[in-house]
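Below is one structure, written out as structure tokens, with a few remarks after it.
The values are calculated or read from the model by the stated rules, or taken from the named source; none is laboratory data. Treat the numbers as computed from the prediction; the structure is a model and nothing was measured. Ideal geometry is used to build each Cβ from the backbone, glycine not excepted, and the neighbour counts take in all protein chains shown. With ligands, DNA and RNA removed, areas are computed over all heavy atoms of the protein, side chains included. Shrake-Rupley method; radii C 1.70, N 1.55, O 1.52, S 1.80 Å.
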Amino acid sequence: MNQNGWLTIPEWAAVRQIEVRRREQDTTPLPPTGAPVNFHVLVRGEIALGPGDYRLQVTADDHYQLWLDGAYTGQGPGPAYPERYPYQTYPLTGGGAVTVALHLYYQGRINRAWSSGDGRFGFQTAVLDGGGQLLGQSVDWRYQICTAYSGEAVGYDTQFLEDFDARRYPEGWEQPGYDDAAWEPMVPALWADYTLVPQETAPLWEGRLSPAAVRPVPGGLLLDFGREIAGTLHLRARGGAGQIVTLRCGEELENGRVRYDMRCGCRYEERWTLDEGESALHPYDYKGFRYAEVLFPDNVEVWGLHAWERHYPMDESLSTLRCPTDELEDVFSICKNAVRCCTQEGFLDCCTREKGQYLGDAVVTARAHLWLTGDPAMLRKCIRDFLASAGTSPTLMGVAPGSLMQEIADYSLLFPLLVWTDWEFTGDRVFLDECLPTISAMLDAFAAKWQRPDGLLETVDELWNMVDWPENLRDGYDFPLTRPRVAPGAHSALNALWYGALVMEERMQSLLGLPVKNRSERVKGAFRRAFYRSAQRLFADSETSGHCSLHASLYAACTDLLPEESWDAYERLLLTPGRVCGAMPMYFALRGLGRMGKYDSLYRLLTRTDESGWRNMLREGATACFEAWGKEQKWNTSLCHPWSSGTIPLLIEELAGLRPDPAAEEGFRFVPHLPEELGGFDLRVPFRGGILRVTKEAGRAPRLTSTSSF
């Protein structure tokens, strides 16, 4: 790239570029940039091309939307750090002048969703010919600041409401022939400290979605899209200049109306100010919602109501489940939809409040996504995002990329498992070798700061010790997980994750033929001495505690920390009414049962009917899996949260018995554990370019068939 270099607007010359990345507990105020927030700029240029095929490369900071010859073409780039900043490529057909229109956006806040707040705003393009040669032509890029968008920030400062004033929007600006003579020229940016790389993930899938139902409500219309979606609401209206159309979006209904003041903390109510005659709504940033209300005066006409949905490409036909027993098919469906909605340009924790890629969430979401799509590209990008976060702290960030600095000890120690997932599904030793130095450096940093002589970690006080979230789902875990600094001492959940991370490092070293550090065995002995309670045959929450929560044993159950003599006690603990954990730790809890061969209990808990299971989400009307088991179990529950999508890999791997294994001849093993009485089971999943199909009828053994390609 680098045909014209980075371009920006003259008004940006006085803006200060700053580094926003730092440790979470560094509370030194950031210097002001002088930059506006929620800033929209429209840009136009014409590229003269001779006959032939060409490619246009585009990137922007923070973000762009692109039109070519008046046709909407795409958006990007995925959030990233300057050291590895992506550009995207689009085909061009020569034989005349091509009109390129860009809607640029600088969000400007320090948050999980955007790598913003740093004072960097601009874009860069390049054109390559059919042979890949960079063209040396110059383009007269011209811009206009767009003041049609206003509104306050919602969520965790991750999105601005878009009160859209059609009178301030230059309708048709993206079309060829639009008169931009009064627009101003772009200027070179003064910064150039970027390393540009091709974006390794596919462009987002975007498409029109009509409502499943529309009905009148007082003052307007209520739209139901049938399921949770991530996208934008679109329509047209005819009225008088200055008339107001009110737009409300939400994930659920309350007394027959949209609950737009959503329980997740977003208040999705916006005002659309009409121009004289016909107006079109042009939203920019996306929301997570199922329902929408459009409220308008009697003398205003509205039509063309639809959503513009967006997510990472997902071929719906590749991964399917048909099995009505115990609502397995419906549970699979809501987990699939949450993964669909929240895999945007990263594995997001939700598409509403946070829109951030959290490391621990990604461990579950990525595995589900691989089984749903067969595409490892997003996982590979996710891993590289967290590898890059080591530049801020060797113990890694809990959320990356983005400008919010948050560090979570539990999540850092799960990073080796995320990398191992890539190895299991791809068998790529080269990438494993690329990741291992960062994993080892992360573990060395933990050891240097917090490891005591017997090998256990204690008082990991610079990072959040989460264990589970929210607190009321920690099963009474009695070690004080105070913030910002955790209480002194050692506790079991974190040390079980520490042990598991060390085991994963050793497994990678052995696989790659490298010297093995053999640090885990000492930790294993110390863990059992510190936390094992022989009376309960379980692990306690801390060295000084007699309380044996689920969380004290569930991570240990995934490894050989929990001795075989304790397996029955662990099973009884999970089956005891009232003993609960959140949806993300439950994934590991059930993995532990699978490791012990207790598949009947695994199935029973996967399909449980009380308030602490996936079927409770169905009872409460879920079309995507929730952040918690029920809407009222967390004070700000997101109703679309794929850290709860663990049902997908549990069902496929533990019960249907499809286990990725690069050492196996076909790259997987088939060891099914479906209940004997289960019938009408038909599962299809993509794997390494083919389709694996597991079917079962009641009283018969499961059957595996496969196709070579899809």
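Between residue 611 and residue 209, what FRET efficiency follows from the Cβ-Cβ distance if R0 is 35 Å, with the result rounded to 0.05?
For residue 611 and residue 209, the calculated efficiency is 0.60.
Could you tell me the accessible area of residue 522 in Å² (1.4 Å probe, neighbours in place), rounded to the nearest ten?
Residue 522 exposes around 120 Å² with every protein chain in place.
Taking θ as phi - 60°, what are the ³J(HN,Hα) couplings along region 184-189 by the Karplus curve (6.51, -1.76, 1.60), each to the nearest whole Hz, with x for Gly and Pro?
Ordered by residue, 3J(HN,Hα) equals 9, x, 6, 10, x, 6 Hz.
Quick check: at a probe of 1.4 Å, how many percent of the accessible area of region 538-677 sits on carbon and sulfur atoms?
Answer for region 538-677 is 45 percent, counting heavy atoms of protein chains only.
Could you pull the Rg and Dmax for the chain, using just the Cα atoms, both in Å?
For the chain, the Cα radius of gyration and maximum Cα-Cα distance read 26.4, 83 Å.
For residue 228, what residues show an amide H to amide H distance below 5 Å, using hydrogens built from the backbone and excluding near sequence neighbours?
The list, which skips near neighbours in sequence, is 623, 624.
Helix 328-342 versus the longest principal axis of the chain: what is the Cα-based angle in degrees, 0 to 90, to the nearest 10?
Computed tilt is about 50 degrees.
Can you list the residues, at least 5 places off or on another chain, whose amide H is less than 5 Å from the amide H of residue 637, using H built in the peptide plane?
none
Any idea of residue 367's accessible area? Nearest 10 Å², probe 1.4 Å.
20 Å²
Considering lysine pairs in the chain that are 8 or more places apart or on different chains, how many have Cα atoms under 25 Å apart?
Lysine pair count for the chain: 17.
Could you list the square roots of 5 times each eigenvalue of the Cα gyration tensor of region 345-498, that is, the equivalent ellipsoid semi-axes, sorted largest first and rounded to whole Å?
After diagonalising the Cα gyration tensor, the semi-axes are 26, 19, 14 Å.
Would you work out what percent of the accessible area of region 340-470, with all protein chains in place, is carbon or sulfur (probe 1.4 Å)?
Of the solvent-accessible surface of region 340-470, carbon and sulfur hold 54 percent.
Determine the distance separating the Cα centre of region 85-159 from the Cα centre of region 497-533; give it in Å without decimals.
Comparing the Cα centres of region 85-159 and region 497-533, I get a distance of 46 Å.
In degrees between 0 and 90, to the nearest 10, how far off the longest principal axis of the chain does helix 409-426 point, with axes built from Cα atoms?
Tilt relative to the chain: about 80 degrees.
Using a 1.4 angstrom probe, figure out how much accessible area the chain has per residue, in square angstrom, rounded to the nearest whole.
Ligands and nucleic acids excluded, the figure is 36 Å² per residue.
List, in order, the whole-Hz ³J(HN,Hα) value for each residue of region 36-42 obtained from phi through the Karplus relation with A = 6.51, B = -1.76, C = 1.60 and θ = phi - 60°; use x for Gly and Pro.
Ordered by residue, 3J(HN,Hα) equals x, 10, 6, 10, 10, 9, 9 Hz.
Which shape class, rounded, prolate or oblate, goes with region 282-409 when its Cα gyration tensor gives a ≥ b ≥ c as root eigenvalues, a/c under 1.5 marks rounded, and past that a/b bigger than b/c marks prolate?
oblate
In whole Å, what is the distance between the alpha-carbon centres of region 217-231 and region 400-415?
That distance is 35 Å.
Can you give the three extents of the C-alpha atoms in region 1-103 along their principal axes, from longest to shortest, in whole Å?
Extents along the principal axes: 56, 27, 23 Å.
So for region 415-485, averaging the separation of alpha carbon pairs under 8 Å that are six or more residues apart and normalising by length, what relative contact order in percent results?
Relative contact order, region 415-485: 20 percent.
In whole Hz, with x marking every Gly and Pro, tabulate ³J(HN,Hα) for region 465-471 from phi via Karplus 6.51 cos²θ - 1.76 cosθ + 1.60, θ = phi - 60°.
Karplus values, whole Hz, x for Gly and Pro: 9, 7, 6, 6, 8, x, 4.
Calculate how steeply helix 359-373 sits against the longest principal axis of the alpha-carbon atoms of the chain, using the helix alpha-carbon long axis, and give the answer as 0 to 90 degrees to the nearest 10.
Rounded to the nearest ten degrees, it is 80.
In percent, what relative contact order does region 598-656 have, based on Cα pairs under 8 Å that are 6 or more apart in sequence?
With pairs under 8 Å counted, the relative contact order is 25 percent.
How large a share of the accessible area of region 138-236, in percent, is made up of carbon and sulfur atoms when the probe is 1.4 Å and the other protein chains stay in place?
Using a 1.4 Å probe with all protein chains present, region 138-236 comes out at 52 percent carbon and sulfur.
Relative contact order for region 163-291: what is it in percent, counting Cα pairs under 8 Å that are at least 6 residues apart?
Rounded, it is 32 percent for region 163-291.
Which cross-chain or sequence-distant (5 or more) residues have an amide H under 5 Å from the amide H of residue 669, H modelled 1.01 Å from N in plane?
For residue 669, the qualifying residues are 659, 661.
If you average the alpha carbon positions of region 623-645 and of region 14-47, how far apart do those two centres end up, in angstrom?
33 Å
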